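Single-structure report; data block below.
The values are calculated or read from the model by the stated rules, or taken from the named source; none is laboratory data. The structure displayed is predicted, hence computed values, not measured ones. All Cβ positions, glycine included, derive from the backbone under ideal geometry; neighbour counts span all protein chains shown. We work out accessible area using only protein heavy atoms, side chains counted, and drop any ligands, DNA or RNA first. Shrake-Rupley method; radii C 1.70, N 1.55, O 1.52, S 1.80 Å.
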Amino acid sequence: MGLEGELEAFGTRFGAPAYRQFSSGGAYPSVPLSSPLPGSTDRFGSKDEILLTLEKHGGICDCQTSRDTTMYAVSADSKGLDTVVGLLADVVLHPRLTDEEIELARMAVRFELEDLSMRPDPEPLLTEMIHEAAYRENTVGLHRFCPTENIAKIDRSVLHSYLRSYYTPDRMVLAGVGVEHERLVECARKYLLGTRPAWGSGAAVHVDGSVAQYTGGIVKLERDMSSVSLGPTPFPELTHIMIGLESCSFLEGDFLPFAVLNMMMGGGGSFSAGGPGKGMFTRLYLNVLNRHHWMYNATSYHHSYEDTGLLCIHASADPRQVREMVEIITREFVLMAGTVDVVELERAKTQLTSMLMMNLEARPVIFEDVGRQVLATRSRKLPHELCALIRDVKPEDVKRVASAMLRRKPAVAALGDLSDLPAYEHVQAALANKDGRLPRTYRLFR
């Protein structure tokens, strides 16, 4: 990006238990802090002042909230290190959170929720639903998106209570790339030590240390998908299914075998074009999309957290072929625990290594990697260490983790016309069968 130095501050790692105390807002209690930075702080009277300060050092900023982490990031010329760290400290610890700023954030949340229900791509909504099904009413299974009726309940006092509980020193990491370590430490001491935050020094709400409890289950949402994308060439009406099984946390030794398995499954949309570099030789392409022309999508995803993980496959097809689509996906899950071809395993490991190294060519990705690893594990594995661990994954490792995963109850999320959706018990039975087939059903009347 033509910048001499880049640095990032992580506001907090609030973890899944944060949803329990603040479930009325899901991950959104910090939304007023992220647009992309607060509108005003003790030192900066408006968002414009923050941006003008960054512009003097060629800086850009961003703030993102996920299920377990809030990140505040700035990329700027390293000569402005002192100014930028001071700005980040002010943004994180001294937001004003005025009534006007909170109301603007409420409007932004309402717009995002409305957009979520209208967009042709259902993946964000399905991801929310599969977590809700997998971890019924606990930790990462609680709502990430704020229910519309609860938006008005989030006010300054709720935000301060949230910040007081989760924006604590033991949950924060300041990470930098392209800057001298001693200078970064000096700036951190200058702006972060002994600072009284805007929410005061009162006692924090007891932070729930619950561990994610995988339950399995099904979440269904009947919806008319025929008019999702109108126009000269309207998008076809599809039913979307996501089936998931519990994997492992990113702290466990089996994390990389699961990552390799996810890469080996691969997949994508039927409209994707490209060669081996795009994963056209992954199982979901070879066994599903190439053989079943009516399948519009078959993609594998792996979500991993501090205490749990979820490997799932998203598939979409015409509503009249839902049952056949579900059976194809359950068969692919069962085949995961079968024979692993050495060539496909080496291809998956090479692709995973290539993706890792390509991403780490960008400095913003490097300091995100540094911050996330230190935040989660208090240490950082270097790229060459990760590549060595990937190379050590053997066929029996993939078969072992897949077999263990198949012993758990499935999580199922379904969206669209669900009139032909198999019963949850039938999906569970299919995953327990050696061939992955659904139990046969007979109808007297059609």
May I ask you to list the residues in the stretch 405-431 that are open to solvent by 40 Å² or more (accessible area, probe 1.4 Å) and either under 18 Å from SER247 (Cβ atoms) or in contact (Cβ under 8 Å) with a residue 60 or more places away in the chain (or both)? ARG407, ARG408, LYS409, ASP417, SER419, ASP420, GLN428
Please verify whether the stretch 176-196 includes one or more residues that are under 17 Å from THR70 (Cα atoms), under 19 Å from the mean Cα position of the chain (by Cα) and surrounded by 15 or more Cβ atoms within 10 Å (Cβ to Cβ). no
Selection from the stretch 139-163 of residues within 28 Å of THR308 (Cα to Cα) and surrounded by 18 or more Cβ atoms within 10 Å (Cβ to Cβ) yields THR139, VAL140, GLY141, LEU142, ARG144, CYS146, LEU159, TYR162, LEU163
Determine the pairs where a residue that is assigned to a loop (DSSP other than H, G, I, E, B), located within the stretch 188-213, has a partner that is of a type outside the set (A, V, I, L, M, F, W, C) and at pLDDT below 85 with Cβ atoms under 7 Å apart, the partner being 6 or more residues away or on another chain. VAL205/GLN21; VAL207/PRO17; ASP208/PRO17; ASP208/ARG20; ASP208/GLN21; GLY209/PRO17; SER210/PRO17; SER210/ARG20
Go through the stretch 381-426 and count every residue that is in a helix (DSSP H, G or I) and out of contact with any strand residue (DSSP E or B) (no Cβ under 6 Å at 6 or more places or on another chain). 22
Need pairs with beta-carbon distance below 6 Å; first residue more than 22 Å from VAL211 (Cα to Cα) and within the stretch 140-167, second basic (Lys, Arg) and modelled with pLDDT of 90 or more; sequence gap 6+ or separate chains. ILE151/ARG106
If you go through MET357, MET280, MET265, the only one that is more than 24 Å from TYR424 (Cβ to Cβ), of a type outside the set (D, E, K, R) and under 21 Å from the mean Cα position of the chain (by Cα) is MET357
I'm trying to understand the selection: among the residues of the stretch 317-365, which are assigned to a loop (DSSP other than H, G, I, E, B) and of a type in the set (Asp, Glu)? ASP318, ASP341, GLU361
Across (1) more than 22 Å from the chain's Cα centre (by Cα); (2) within 30 Å of LEU245 (Cβ to Cβ), ALA133 clears everything bar (1)
I'd like to know if the stretch 288-301 contains one or more residues that are modelled with pLDDT of 90 or more, out of contact with any Gly (no Cβ under 7 Å at 6 or more places or on another chain), within 22 Å of ALA134 (Cα to Cα) and outside any helix (DSSP H, G or I). yes
In this structure, is TYR285 assigned to a helix (DSSP H, G or I), among the hydroxyl-bearing types (Ser, Thr, Tyr) and at pLDDT below 95? yes
Suppose we keep only residues that are among the aliphatic types (A, V, I, L, M) and open to solvent by less than 70 Å² (accessible area, probe 1.4 Å) within the stretch 206-223. Which one would you say is modelled with the lowest pLDDT? VAL207
